[in-house]
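**Q** Before we start, here is the structure in question, set down as structure tokens.
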Amino acid sequence: MRYGSTILLSMLGAGLATACSAQTPPKATGNTGFPAGMSVADRKQILQVSGFDLSADLRNATRTCDDKERIAKVGIGRRDINHDGKEEFFVLSQNDCPGSNGKLHATIVFLDPQTKIYQNMLDVDGQPRIGSQTGTAWPLIDITDGDKTTGFVFVTGDNRYLRTSTVQYRRNVALARLPDKTPPGVLPSAGWATPWSTGNLTPGQIAQIFTAAGYKRGPKGWGDCDGASGVRIPDEEEIGNGSPVMDMNGDGHPEVIVNEICEGDNSGGRFTILSPVPGGWRKVGEGQDRPFFLTTRSRAGWLDYYEGGPGFCHERDRNDGRGYMSVGQFAESPGGCSGR
């Protein structure tokens, strides 16, 4: 059930990065495994909010791959990362289901003092590095995934860690009113800082993108939901095998995904894909929920994707240079499209 304690202690102990040496440093060591006196119900709950379960004999963590339950290799670590006297749980695993990316995956779980229920506060691919902090404040966390490092900050209103870019994007989208105007012959993404990030988009750029996707700003915000939910650029982890701002056709310029979900809509809403063209943005795709990208490309170089939404059978879309169109169906699990 466990990864080696050396790996876990390297995550939890003194080897972790510190944000500022003048602040309170992290504890020198962490602990591994569940506390000896922890109830089976609590152990099970921690595993479940991390995407696992506890086997019937209570000896192994399990996960479901292609509708089949299998034993999972999981490591459990503990550390009080905000110095409030209560340990948080680190669940370390590997994405080893058939067809998955095989990456290291980390989940941090804490006991919510209000609900008295264990909750997932961070769930990402990569290795967490805990920064220093002051008092009982939640520290900054850097996640290293290959050669990419992403910063996360705890947001009280969400009761979980969010990307620092997401927090900055939220600030800017609240100010997005008048769309930028791009001169003729110039791409609207010209001069964007790399790596591309929603947090780097200015209010004017966001307004321009929403307008190009066909939305207007009303008294309660952007979109047609009358202020209940509404238009947004999705978070990084919501786009399967991709990003909401990414180069989809290999030309070196970023496409942008816009999603609208109205309150009460359980289908995931609708998405629009915009591509930069001289003087503005052009719609090149749309569909249900959000796109989940595949590794295949069209002859024109555009990545294929399947549309999200309920169920296990989804529309598969391809862009041969004239915009994305359905070219068949994609079964999310074996037999998912049988009978259709």
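The values are calculated or read from the model by the stated rules, or taken from the named source; none is laboratory data. Model, not experiment: these values are computed from the prediction. Heads up, the Cβs are rebuilt from the backbone with ideal geometry, glycines too, and the neighbour counts pull from every protein chain shown.
**Q** Of all residues in segment 132-150 being within 17 Å of the chain's Cα centre (by Cα) and of a type in the set (Asp, Glu), which is farthest from Arg79 (Cα to Cα)?
**A** By that ranking, first place goes to Asp145.
**Q** Would a scan of segment 168-182 turn up a residue that is of a type in the set (Gly, Ala, Ser) and at pLDDT below 95?
**A** yes
**Q** For Arg299, state whether it is over 20 Å from Pro98 (Cβ atoms), assigned to a loop (DSSP other than H, G, I, E, B) and without any contact (Cβ under 8 Å) to a residue 12 or more places away in the chain.
**A** Criteria not met by Arg299.
**Q** Follow-up. Taking segment 194-235 as the region of interest, how many residues are in contact with a Pro (Cβ under 7 Å, 6 or more places away or on another chain) and among the charged types (D, E, K, R)? Lay out the reasoning, then the answer.
**A** Just the residues of segment 194-235 that are in contact with a Pro (Cβ under 7 Å, 6 or more places away or on another chain), to begin with: 196, 198, 204, 207-208, 211, 233-234.
Those still in the list that are among the charged types (D, E, K, R) too: none.
Summing the residues that are in contact with a Pro (Cβ under 7 Å, 6 or more places away or on another chain) and among the charged types (D, E, K, R) in segment 194-235 gives 0.
**Q** Tell me which strands (runs of 3 or more DSSP E) are completely within segment 189-289 and hold 3 or more residues being surrounded by fewer than 19 Cβ atoms within 10 Å (Cβ to Cβ) and at pLDDT 90 or above, or say none if there are none.
**A** On the way: elements: 229-232, 255-262, 270-277, 280-288.
In segment 189-289, the matching strands (runs of 3 or more DSSP E) lie at 280-288.
**Q** Of all residues in segment 301-337 being of a type in the set (A, V, I, L, M) and farther than 17 Å from Phe271 by Cα, which is farthest from the chain's Cα centre (by Cα)?
**A** Among those that are of a type in the set (A, V, I, L, M) and farther than 17 Å from Phe271 by Cα, it is Val327.
**Q** Quick check on segment 108-129. Is at least one of its residues under 21 Å from Thr164 (Cβ atoms), surrounded by fewer than 20 Cβ atoms within 10 Å (Cβ to Cβ), small (Gly, Ala, Ser) and not assigned by TED's automatic domain parsing to the domain that holds Asn200?
**A** Yes, that holds for at least one residue.
**Q** Could you list, in sequence order, all residues of segment 290-325 that are exposed (fewer than 13 other Cβ atoms within 10 Å of the Cβ) and in contact with a strand residue (DSSP E or B) (Cβ under 7 Å, 6 or more places away or on another chain)?
**A** Across segment 290-325, the qualifying residues are Thr296, Ala300, Met325.
**Q** A follow-up question, please. Just to be sure before I move on: is Ile108 within 21 Å of Leu47 (Cα to Cα), in contact with a Leu (Cβ under 7 Å, 6 or more places away or on another chain) and of a type in the set (Val, Ile, Thr) in the structure I sent?
**A** Against the criterion (within 21 Å of Leu47 (Cα to Cα), in contact with a Leu (Cβ under 7 Å, 6 or more places away or on another chain) and of a type in the set (Val, Ile, Thr)), Ile108 qualifies.
**Q** Among the residues of segment 245-263, count how many are in contact (Cβ under 8 Å) with a residue 24 or more places away in the chain and either on the phi > 0 side of the Ramachandran plot or of a type in the set (Lys, Arg) (or both).
**A** 1
**Q** Just to check your reading of the model, which residue among Gly77, Gly85 is assigned to a strand (DSSP E or B) and not polar (S, T, N, Q)?
**A** Testing whether each residue is assigned to a strand (DSSP E or B) and not polar (S, T, N, Q) leaves just Gly77.
**Q** Does segment 316-324 contain any residue that is without any contact (Cβ under 8 Å) to a residue 12 or more places away in the chain and either over 14 Å from Glu255 (Cα atoms) or part of a loop (DSSP other than H, G, I, E, B) (or both)?
**A** Pass one, segment 316-324, residues without any contact (Cβ under 8 Å) to a residue 12 or more places away in the chain: 322.
Still in the list and also either over 14 Å from Glu255 (Cα atoms) or part of a loop (DSSP other than H, G, I, E, B) (or both): 322.
Yes, because at least one residue in segment 316-324 is without any contact (Cβ under 8 Å) to a residue 12 or more places away in the chain and either over 14 Å from Glu255 (Cα atoms) or part of a loop (DSSP other than H, G, I, E, B) (or both).
**Q** Being of a type in the set (Phe, Trp, Tyr) and closer than 18 Å to Ile239 by Cβ narrows it down to one of Tyr118, Tyr169, so name that one.
**A** Going through Tyr118, Tyr169 in turn, the sole match is Tyr169.
**Q** Still on this structure, please answer the following. Identify all residues within segment 35-92 that are β-branched (Val, Ile, Thr) and surrounded by 16 or more Cβ atoms within 10 Å (Cβ to Cβ); write none if there are none.
**A** Of everything in segment 35-92, those that are β-branched (Val, Ile, Thr) and surrounded by 16 or more Cβ atoms within 10 Å (Cβ to Cβ) turn out to be Ile46, Val49, Thr62, Val74, Ile76, Ile81, Val91.
**Q** With respect to Arg170, determine if the residue is out of contact with any Asp or Glu (no Cβ under 6 Å at 6 or more places or on another chain), surrounded by fewer than 17 Cβ atoms within 10 Å (Cβ to Cβ) and of a type in the set (D, E, K, R).
**A** yes
**Q** Further question on the same structure: Could you list, in sequence order, all residues of segment 325-340 that are assigned to a loop (DSSP other than H, G, I, E, B) and of a type outside the set (D, E, K, R)? Give the derivation first.
**A** So in segment 325-340, the residues assigned to a loop (DSSP other than H, G, I, E, B) come out as 332-340.
Selection gives Ser333, Pro334, Gly335, Gly336, Cys337, Ser338, Gly339.
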